[in-house]
Amino acid sequence: MRHSLAAWAFAGPGVAIIAVFFVLPVAAAFAVSLTDFDIYALADLKNLRFVGLRNYIELVQAPLFWRALANTLYFVAIGGPLSIAASLGAALLLNTQAARFKAFFRTALFAPVITTLVAVAVIWRYLLHTRYGMVNFSLTSLGFPQVDWLGDPHFSMPAIILFATWKNFGYNMIILLAGLQAIPKELYEAARIDGAGNFRQFAHVTLPGLAPTLFLVGILTMAGYFQLFAEPYVMTQGGPVQSTLSVLYLMYEQAFKWWSLGSASAIAFILFLFMLAVASLQLLVTRRMGGAT
Amino acid sequence: MRFSAPTRTGAAATIGLFTIAVIALFPLFWMLSVSLMLPGEASNFPPPLLPKYPTLTNYRALFEQAHIGRYFINSLIVSSFATVLSLSFNVTAGYAFAKLDFKGRDLVFRLMLATLVIPAQVAMIPLFLMLKTIGLVNTWIGVLIPFAAGTFGIFLVRQYALSIPTEMIEAARMEGASELRIFRSIVLPSLTPVLVTLGTFTFLAVWNDFFWPLIVLTDEHKYTLPVALAALSRQHVQDVELMMASAVVTIAPVLVLFIALQRFYIRGLLIGSVKG
Amino acid sequence: MIFALTTAVWFRRLSVAIIISASMLVSCSQKEPGVVEVEFWTMGREGEIVPIIIEEFEAENPGIHVKVQQIPWDGAHEKLLTAFVGGALPDVAQLGNTWIAELDALGALSDLSSAVHNSVTIDKADYFPGIWATNVLDDAVLGIPWYVDTRLLFYRSDILEDAGFEHPPRDWAQWRAAAEALKERAGPGNFAAFIPLNEFEPQVMLALQQKDPILREGGRYGNFSSAGQRQAIDFYLSFFRDGLAPPVSESELANVWNEFARGYFSFYISGPWNIEEFRRRLPIEIQDNWMTAPLPGPDGPGVSIAGGSSLVVFKQSRKRDAAFKLIAFLSRPDIQARFYALSGNLPPRRSSWDKPHLADDPKVDAFRDQLERVLPAPQVPEWERIAQELRIVTERAVHEDWSAERTASELDRRVDAILEKRRFMLMRSGSGL
């Protein structure tokens, strides 16, 4: 009994903070999403109306919401795999036995991850400048045409994806590297004895051995990429023509620009449901594939 | 001359790594270089790589006119406070979940892990309204409260604390040591590495955080660096050199901290992602 | 190793650090006794200029100290509302005059009617009526105009002359004819006009020129499908449809001034701040070749938008008298003339325009003329949102080549949805208007 009490004294404060400042607000968010909380309600709570699922229905009918969702899915579906591929490539190189200066490279490649997102987004905004930017300078030096990265609606999202890849690949690289190092060396030996070349070793030993780690990395990356916000906030302000407006950006504007807190809460929940759905899908696909081999 | 196969792949891999490292570091190098250029120098074609006459003009302007020193101190205070709180609450809770037996422990722990799937943004609007009711909007306490305790931190500490031998704790208990004493003299010392890990994590997370302080802080004098930087960058779009100097001021501390505590940080990252 | 410090020592040091920083937090807010501190928020560039004028105010009023905070325009709207929610509003603020209705709906603004009535400095009759009107809601004076911002036509007089036009266009037909001739002269790749797609003001100006109002039934519904509003939309879209203006926003044009100088376009709808910018940034040989002209209307000189900034006092303030003193000071004609000299912001009072700087500058004459013909944007709390939709929908209409009808009905649909809560509020309060 005394133990239990002491234990709760240790665990209690932390758990209570999570309950009060996270779990409770999440529940409240659902309640708010069923109301038309707006500036009129902010002035006087008497102006608050319970509207049932109206916020959700209106969102589903709003082209802007679909636009934001499509942009976000574009970012997740292209940017996520691209970033993981970059991480995997870097991890494989770092895992090469005979490569030199590995400790230095690991730190260098990881450095972008811990930099402040807002600050590096500002840097990249200039690197991507149409006329004076280094990116276009390199492109034109190689004979490619100039690209209006942040001003052309077709290139704005690719620009943000490139930036995000640069910023994030180091994170997954570390996790994948640990996964690679956990694959028993004997498996490679055996494959080599069977006459497998580099590619077949990769396909038959590395990939299967790395599958659980890749799955984990996939879920983490997806969850993070769904929360796209600061990049467009700093680099494009959601433009041009809303081509970089993300779901979270839309939520921010609904909530803190227009004070449609009801609608904004509904957006947050839909985002959450989407993340859950995509994660379950990933789980399902991985199970299927695991069952087939 | 002939190289053996491993040497060749080694050389190829080193060249590959070198190329990626150049891409990874170039923007940071460019930031530093441009921050030392004269105003207007970077907006030329072809874009200059190095300052013609290195100068600290931009830094002087930043500290004297844009008051970046104030934001720097704000960030430092907020991040340090959050780190202290996060250490106090997460470490005690993490230890309890790992080593103490209490009613409902596993249930609570499992529920807590379940909250990991909910993105933080879902909670933000009601949290903001809550802070408004208790008068914490536009305060630093409001900024750091979501960081005071978290499932991730508790999980991190718990994973590490599991490795403390239970016999040691039991033995102390036999000798009549109080739980608090056991925590202070046995548990805390053996948790030191994970304290550093968690501390680094929290500090960097709060230092780099943007969304939440952007919402909570309305008074410019209380801005943290990222919020101030975003505001500055909208005001001074044309002043590349000045913006790069402020990026240096923002990024340099976290880079230094990371390089010093790399080992701890990367271990934490691995523990944290072993189990989702 | 650095971490050989025992953890207990570490914790103790940290707690000392907490106490020190906590006491720092408290000590920051100590003030001089006997001096009233008025907090004043300004937006954008004004924040850099206003301290110079404030010094004079503080010299005249030793009992008042003014603390100026500068807010970027971009995030100003969010910031004001968040500050309202957080109870962190200042005493006085500069406010875009289209935000007044919204902040009034929150009950955030003090009614200045009686203060104005008793004031010797602020004389309502001296203000341009369209500008003053932007600050009045239900007969309450909620703000005092600080400077005005209206848009009109900047043009290249040399190019226009060269194309055979002796004077700038005065009505839509002339405008259109001139634009076609200029486009012809400029050749492919160049244009007649630049109407930035990232702005909503040009659309609003054309809309205000119509007899049909922008919103109908007391601001309950959008009125874009009315004949007049449709005509305004069509006129706007035709510039892009017929290749007279490039379908780009300001940020896509690397440098507006360079492009204007090299004749990429010759008409530019813009505001007073660009007089100063043009003088500073255009090459010398162009300086005699550009002018400003009042905005053409459907049949003769047209109205433009009564934009600009007002000074307001917030209800949360406990220093309203000192705050109003500051506003009265900033409203003095001599101070306004100085403010113009420093910032290029045009004063809202006719008597300020008689001061030397303004009276003998031909490039601002058109503004003086235009200011007698300005109208406020619809004064509903939802206006900012409606303006945003107006920008988004017209930008899309330009890019996807929509008809005026389609654009109008899309606008009405979106605006009616935005105004739903307002209709409910009006119905519940049984208000006639």
So how many residues does region B:226-241 have that are more than 7 Å from every other protein chain (Cβ to nearest Cβ) and at pLDDT 90 or above? 2
Matching residues in region B:30-84 (more than 26 Å from the chain's Cα centre (by Cα) and either surrounded by fewer than 16 Cβ atoms within 10 Å (Cβ to Cβ) or more than 11 Å from chain A (Cβ to nearest Cβ) (or both)) number 23
Would you confirm, using the coordinates I've provided, whether C:R230 is farther than 30 Å from C:S429 by Cα, at pLDDT 95 or above and outside any loop (DSSP other than H, G, I, E, B)? yes
Out of the residues in region B:87-106 that are more than 7 Å from chain A (Cβ to nearest Cβ) and at pLDDT 90 or above, state the one that is surrounded by the fewest Cβ atoms within 10 Å (Cβ to Cβ). B:S88
Of all residues in region C:40-57, how many are touching a residue at least 12 places away in the same chain (Cβ under 8 Å) and assigned to a helix (DSSP H, G or I)? 11
Checking C:V398 against (1) within 14 Å of chain A (Cβ to nearest Cβ); (2) surrounded by fewer than 18 Cβ atoms within 10 Å (Cβ to Cβ); (3) more than 19 Å from A:D36 (Cα to Cα): exactly one of these is not met. Which one? (2)
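A:A28: within 10 Å of chain B (Cβ to nearest Cβ), surrounded by 15 or more Cβ atoms within 10 Å (Cβ to Cβ), over 27 Å from B:I118 (Cα atoms) and over 24 Å from the mean Cα position of the chain (by Cα), yes or no?
For A:A28, the condition - within 10 Å of chain B (Cβ to nearest Cβ), surrounded by 15 or more Cβ atoms within 10 Å (Cβ to Cβ), over 27 Å from B:I118 (Cα atoms) and over 24 Å from the mean Cα position of the chain (by Cα) - is not met.
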Determine the pairs where a residue that is touching a residue at least 40 places away in the same chain (Cβ under 8 Å) and in a helix (DSSP H, G or I), located within region A:129-142, has a partner that is crowded, with 19+ Cβ neighbours inside 10 Å and of a type in the set (S, T, Y) with Cβ atoms under 7 Å apart, the partner being 6 or more residues away or on another chain. none
Looking for something within 9 Å of chain B (Cβ to nearest Cβ) and either touching a residue at least 12 places away in the same chain (Cβ under 8 Å) or touching a Lys or Arg at 6+ places or on another chain (Cβ under 8 Å) (or both) - is there at least one such residue anywhere in region A:178-190? yes
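Quick grid of which residues meet (1) within 30 Å of C:L215 (Cα to Cα); (2) touching an Asp or Glu at 6+ places or on another chain (Cβ under 6 Å); (3) assigned by TED's automatic domain parsing to the domain that holds C:A293:
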| site | (1), (2), (3) |
| --- | --- |
| C:S310 | yes, no, no |
| C:V313 | yes, no, no |
| C:R349 | yes, yes, no |
| C:P362 | no, no, no |
| C:W383 | yes, no, yes |
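Each row is one residue, and each column tells you yes or no for (1) modelled with pLDDT of 85 or more; (2) assigned to a helix (DSSP H, G or I); (3) farther than 30 Å from B:A228 by Cβ.
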position: A:A211; (1), (2), (3): yes, yes, yes
position: A:L228; (1), (2), (3): yes, no, no
position: A:G238; (1), (2), (3): no, no, no
position: A:L250; (1), (2), (3): yes, yes, no
position: A:A255; (1), (2), (3): yes, yes, no
position: A:F272; (1), (2), (3): yes, yes, yes
position: A:A277; (1), (2), (3): yes, yes, yes
position: A:S280; (1), (2), (3): yes, yes, yes
position: A:G290; (1), (2), (3): no, yes, yes
Note on region B:132-150: residues more than 23 Å from the chain's Cα centre (by Cα) and assigned to a helix (DSSP H, G or I) are B:K132, B:T133
Being part of a loop (DSSP other than H, G, I, E, B), within 20 Å of A:L271 (Cα to Cα) and of a type outside the set (A, V, I, L, M, F, W, C) is the filter here; which residues of region A:15-43 pass it? A:D36
From the options A:I175, A:I193, residue that is surrounded by fewer than 16 Cβ atoms within 10 Å (Cβ to Cβ) and either β-branched (V, I, T) or in contact with a His (Cβ under 6 Å, 6 or more places away or on another chain) (or both): A:I193
Filter result (within 14 Å of chain A (Cβ to nearest Cβ) and of a type in the set (S, T, N, Q)) within region B:138-172: B:N138, B:T151, B:T166
Complete set of residues in region B:110-135 that are touching a residue at least 40 places away in the same chain (Cβ under 8 Å) and crowded, with 18+ Cβ neighbours inside 10 Å: B:M112, B:Q121, B:M124, B:F128, B:L131
Quickly run through region C:182-202 and pick out the residues that are buried (at least 16 other Cβ atoms within 10 Å of the Cβ) and more than 21 Å from C:I305 (Cβ to Cβ). C:L182, C:K183, C:R185, C:A186, C:N190, C:F191, C:A192
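So which residues in region A:76-122 are in a helix (DSSP H, G or I) and farther than 26 Å from B:V256 by Cα, if there are any at all?
Within region A:76-122, A:V76, A:A77, A:I78, A:G79, A:G80, A:P81, A:L82, A:I84, A:A85, A:L88, A:G89, A:L92 qualify.
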Any hit, region B:210-224, residues being within 17 Å of B:I251 (Cα to Cα) and either more than 7 Å from every other protein chain (Cβ to nearest Cβ) or modelled with pLDDT under 90 (or both): yes
Just one of (1) over 17 Å from C:A328 (Cα atoms); (2) modelled with pLDDT of 75 or more; (3) in a loop (DSSP other than H, G, I, E, B) trips up C:P62, so point out which. (1)
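The values are calculated or read from the model by the stated rules, or taken from the named source; none is laboratory data. Remember, it's a predicted structure, so these values are computed and weren't measured experimentally. Because the Cβ atoms are built from the backbone with ideal geometry, glycine has one as well, and the counts that use them run over all protein chains shown.
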